Amino acid sequence: MKKVVLLLSSLLLATTLTACGTESADQNSTEVSAEEKAEQPAVNWESSIKDLAATDQSETEKADAAEVLARAYKPSSEELKNFQTHIIEAFTSGEYLKDSTNAEYMLSNIFQSVVVERQADEAQAMKKYAQDFYQNTKYVYRGAETPDSESVKSNEEQMTNAINGK
């Protein structure tokens with residue numbers, strides 16, 4: 001637990017420092033619009049996930065930390081679209097649960113699905129899709145479910161329906 005707190009503290013500090021550095025640099029530049037500033041992510045999520053995957057924490061601790069990071073993350077609109085595309089392609093290709101021992105891949109999928117779920121409109125099928133993708137990924141990664149379990153298959157049916165607009 002101390003490692004999770006230390007990792008999260010480091011991420012928050014990095015975010016704060018990056019934001020401070022960005023503000024002062026932006027004050028000197030009149031060519032960066034307010035909209036562009038709002039769409040620039042402050043944290044390199046990929047390196048944060050890579051660092052998290054390399055820790056000796058349990059899968060549960062890593063998954064929880066990836067979720068905390070995702071809940072604080074503000075993606076650009078292009079990045080959000082990329083995350084949506086990624087989690088759909090990972091599912092439709094059948095790859096998303098193939099190697100639950102690949103911590104970096106699984107944590108990246110957890111991160112992206114939580115970001116998508118938090119950014120999606122309540123009425124959108126994408127929100128529900130992202131929630132089901134997240135649940136399957138998290139529970140299989142943690143070892144609580146298997147890719148062929150009944151609950152995973154049920155979520156996958158809902159994910160297919162969401163993609164197909166049902």
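Report the calculated FRET efficiency for S58 and N164 (r = Cβ-Cβ distance, R0 = 41 Å), to the nearest 0.05. Taking R0 as 41 Å, the efficiency between S58 and N164 is 0.70.
Taken over the C-alpha atoms, the stretch 53-166 has Rg and Dmax values of 13.2, 42 angstrom. With 21 Å as the limit on Cα-Cα distance, the pairs of K98/K153; K128/K153; K74/K153 that go past it are K74/K153. 3J(HN,Hα) along the stretch 49-56, derived from phi through the Karplus expression 6.51 cos²θ - 1.76 cosθ + 1.60 where θ = phi - 60°, amounts to 5, 4, 4, 4, 4, 7, 6, 9 Hz, with x in place of Gly and Pro. Length gained on full extension, K127 to K98, computed as 0.36 nm times the residue gap minus the Cα-Cα distance: 8.1 nm. For T55, the solvent-accessible surface computed with a 1.4 Å probe is close to 40 Å², ligands and nucleic acids excluded. Approximating the spin labels as points 7 Å out from Cα along Cα→Cβ, the S154-to-N44 distance works out to 4.2 nm.
The values are calculated or read from the model by the stated rules, or taken from the named source; none is laboratory data. This structure is a prediction, so every number in the text was calculated from the model and none was measured. Because the Cβ atoms are built from the backbone with ideal geometry, glycine has one as well, and the counts that use them run over all protein chains shown. For the accessible areas, the whole protein counts, side chains as well, though only heavy atoms, and no ligand, DNA or RNA atoms are used. Shrake-Rupley method; radii C 1.70, N 1.55, O 1.52, S 1.80 Å.
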